[in-house]
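One structure is given here, and the rest of the page talks about it.
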């Protein structure tokens with residue numbers, strides 16, 4: 001089933017499942033291993049957590065803005081500069097993990113409470129054009145799953 005064919009409730013359930021999986025995997029990494037980058041040229045688990053934290057903040061803001069405003073513009077973010085500009089090397093990985101968990105819980109709570117009609121509200125993306133809240137959420141639902149896989153690769157390389 002394609003993302004567009006899934007119901008909003010199926011997408012919400014997938015978001016929650018993927019988020020819990022990501023959190024569980026992240027919590028399985030020892031604090032002393034979070035900063036290690038065992039795969040040459042790849043991020044450490046801490047950097048993945050900081051990236052996820054930043055992404056979750058962006059995505060949550062998009063959903064809230066979509067629900068509160070009429071066809072708001074989506075501001076894209078350049079994740080390639082974030083590790084330097086947002087000081088990933090100096091940030092606390094456990095703080096980012098706590099933020100991810102909190103943001104995901106809040107998003108699930110907010111989107112679980114909205115009427116079905118709100119999933120059709122639109123936002124304007126500068127590259128993709130007009131997108132519904134359901135479209136935005138479907139794209140972002142895969143984010144946790146993708147990075148859970150990245151954390152698994154890091155864990156396996158640490159062994």
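Just so you know, all these numbers are worked out from the coordinates, no wet-lab data involved. Note that this is a predicted model, so its numbers are computed, not measured. All Cβ positions, glycine included, derive from the backbone under ideal geometry; neighbour counts span all protein chains shown.
For the chain, set up a Gaussian network in which alpha carbons nearer than 10 Å are linked by springs, and say which option among 63, 47, 82 fluctuates the most.
82
Among 149, 55, 19, which one shows the biggest mean-square fluctuation in a GNM of the chain, springs joining Cα atoms closer than 10 Å?
The residue that fluctuates most here is 149.
Per Stokes-Einstein, at 4 °C and 1.567 mPa s, what whole-number D in µm² s⁻¹ belongs to the stretch 1-89, with the Kirkwood radius over Cα pairs as the hydrodynamic radius?
Working: Rh = 15.5 Å.
Estimated diffusion coefficient is 83 µm²/s.
Rounding to the nearest 10 and keeping the result within 0 to 90°, find how far the Cα-based axis of helix 93-113 lies from the longest principal axis of the chain.
20
Per DSSP H run of n ≥ 4, the term is -39500 (n - 2.57); total these for the chain, divide by its residue number, and report the mean residue ellipticity at 222 nm rounded to 500 deg cm²/dmol.
After summing the helix terms and dividing by residue count, I get -21000 deg cm²/dmol.
Using only alpha carbon pairs under 8 Å that are at least six residues apart, calculate the relative contact order of the chain and give it in whole percent. Provide the component values of the computation, followed by the final result.
On the way: 165 pairs, mean separation 62.3, N = 159.
For the chain, the relative contact order is 39 percent.
If you fit an axis through the alpha-carbon atoms of helix 8-27 and take the longest principal axis of the Cα set of the chain, what angle between them do you get, 0 to 90°, nearest 10?
10
State, to one decimal in nm, how far the label point of residue 82 lies from the label point of residue 10, with both points 7 Å from Cα in the Cβ direction.
Calculated label separation equals 2.8 nm.
Debye sum, Cα scatterers, the stretch 92-159, no solvent: what log₁₀ I/I(0) at q = 0.13, 0.23, 0.28 1/Å?
-0.55, -1.09, -1.21
Starting from 0.36 nm per residue, how many nanometres of slack lie between residue 120 and residue 20 once their C-alpha separation is accounted for? Could the numbers behind the result be given before it?
Values: separation 100, 0.36 × 100 = 36.00 nm, distance 2.61 nm.
Taking residue 120 through residue 20 to full extension adds about 33.4 nm, to one decimal.
Based on the alpha carbons, how large is the Rg to Rh ratio for the chain when Rh follows Kirkwood?
Details: Rg = 16.2 Å, Rh = 16.4 Å.
For the chain, the value is 0.99.
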